Amino acid sequence: MDNELFLESEREYMVETQLLPRRIRDGLVLQVMRTVPRHLFVPPEYRHLAYTDGPLPIGFGQTISQPYIVALMSQLLELKGQERLLEVGTGSGYQAAVLGYLAGEVHTIERFPELARQAEQTLAELGLENVSVHIGDGTAGLLEFAPYQGIIVTAAAPHVPQALLDQLADGGRLVIPVGERGSQFLERWRRRGDDFDVEEVIPVAFVPLVGQFGWRD
């Protein structure tokens, strides 16, 4: 079996054993998870673990999320294909790549310039021209391109930043882990005019969301 076929089989096995048993049912999400080469977003020393069931370190105290969590957060956005999205916490760029195949336009913001540059390079190599990488404090959102039909936050906040709620379009969804350092609940917020519905989805453990409206460094 050549390397490309092996990697395809690894992704298929990931979907069959990690995603389907955990109720990832969105057909588009499953298709994209079968397609995006997660190994390209993982440091070389961890690439043999790229399709295993867990997060992996990417430097600067950050991680690439577990495949299931990437799929779940994407599914919770309920995407149809034309949305403008904001991702807070680019990290490796893997979640942004998945969203790039699911939505019309993706803006992703990262506070570590080195991670942002590496993610931008990998995304460009995949030809994802609808994903734009920005450097800055994601806790303040990215007002320039608001409103967003979906916002996804890949680090844990002590509370939901008001700036992100303000930049959410009517009917839009915000997916964010909220809680203490080391222990949170993944929440989905949905805007209804000036009001918001919120639901707790599952307990999670993300790295802290650092910034003006998050945790202090």
Can you tell me which residues in region 48-62 are buried (at least 18 other Cβ atoms within 10 Å of the Cβ) and of a type in the set (Val, Ile, Thr)?
58
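Residue 12: surrounded by fewer than 21 Cβ atoms within 10 Å (Cβ to Cβ), in contact with a Lys or Arg (Cβ under 7 Å, 6 or more places away or on another chain), not in a helix (DSSP H, G or I) and not aliphatic (A, V, I, L, M), yes or no? Please lay out each step first, then the result.
Numbers: surrounded by fewer than 21 Cβ atoms within 10 Å (Cβ to Cβ): yes; in contact with a Lys or Arg (Cβ under 7 Å, 6 or more places away or on another chain): yes; not in a helix (DSSP H, G or I): no; not aliphatic (A, V, I, L, M): yes.
When the stated conditions are applied, residue 12 does not pass them.
Considering every residue within region 30-52, establish whether at least one is under 20 Å from residue 142 (Cα atoms) and polar (S, T, N, Q). It would help to see each step written out before you state the result.
Here is the first cut: in region 30-52, the ones under 20 Å from residue 142 (Cα atoms) are none.
No, that holds for no residue.
Can you name every residue in region 61-77 that is part of a strand (DSSP E or B) and not hydroxyl-bearing (Ser, Thr, Tyr)? Show your work before the answer.
Let us first name the residues in region 61-77 that are part of a strand (DSSP E or B), namely 62-64.
Within region 61-77, 62, 64 meet the criteria.
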Out of region 116-143, which residues are closer than 19 Å to residue 212 by Cβ, among the hydrophobic types (A, V, I, L, M, F, W, C) and out of contact with any Lys or Arg (no Cβ under 9 Å at 6 or more places or on another chain)?
116, 140, 142, 143
Quick check: anything in region 103-119 more than 21 Å from residue 163 (Cβ to Cβ) and of a type in the set (Val, Ile, Thr)?
no
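For region 78-142, list the strands (runs of 3 or more DSSP E) that sit wholly inside it and hold at least 3 residues that are touching a helix residue (DSSP H, G or I) at 6+ places or on another chain (Cβ under 7 Å) and without any contact (Cβ under 8 Å) to a residue 40 or more places away in the chain; which are they? Break it down into steps so the answer makes sense when it comes.
Values: elements: 84-88, 105-110, 131-135.
In region 78-142, the matching strands (runs of 3 or more DSSP E) lie at 105-110.
Touching a Lys or Arg at 6+ places or on another chain (Cβ under 7 Å) and not small (Gly, Ala, Ser): is that true of residue 94 in this structure? Explain how you work it out, then say what you get.
Working: touching a Lys or Arg at 6+ places or on another chain (Cβ under 7 Å): yes; not small (Gly, Ala, Ser): yes.
So residue 94 passes the test.
Among the candidates 45, 105, 83, which residue alone is in contact with a strand residue (DSSP E or B) (Cβ under 6 Å, 6 or more places away or on another chain), surrounded by fewer than 23 Cβ atoms within 10 Å (Cβ to Cβ) and over 15 Å from residue 133 (Cβ atoms)? Lay out the reasoning, then the answer.
Details: 45 fails: in contact with a strand residue (DSSP E or B) (Cβ under 6 Å, 6 or more places away or on another chain); 105 fails: over 15 Å from residue 133 (Cβ atoms).
When all the criteria are applied, what remains is 83.
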Determine whether region 144-154 contains at least one residue that is in a helix (DSSP H, G or I) and touching a Phe, Trp or Tyr at 6+ places or on another chain (Cβ under 8 Å).
no
For region 20-38, pairs from a residue that is more than 21 Å from residue 202 (Cβ to Cβ) and at pLDDT 95 or above to a residue that is among the β-branched types (Val, Ile, Thr) and surrounded by 14 or more Cβ atoms within 10 Å (Cβ to Cβ), with Cβ under 7 Å and 6 or more apart or across chains, are 34/15; 36/98
Number of the exception - residue 213 against (1) modelled with pLDDT of 95 or more; (2) not in a strand (DSSP E or B)
(1)
When restricted to 64, 24, the only residue touching a helix residue (DSSP H, G or I) at 6+ places or on another chain (Cβ under 6 Å) and more than 21 Å from residue 92 (Cα to Cα) is 24
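The values are calculated or read from the model by the stated rules, or taken from the named source; none is laboratory data. Only a predicted model underlies this, so the values are computations on that prediction, with no experimental measurement involved. Cβ sites come from the backbone with ideal geometry, for glycine too, and all protein chains shown count toward neighbours.
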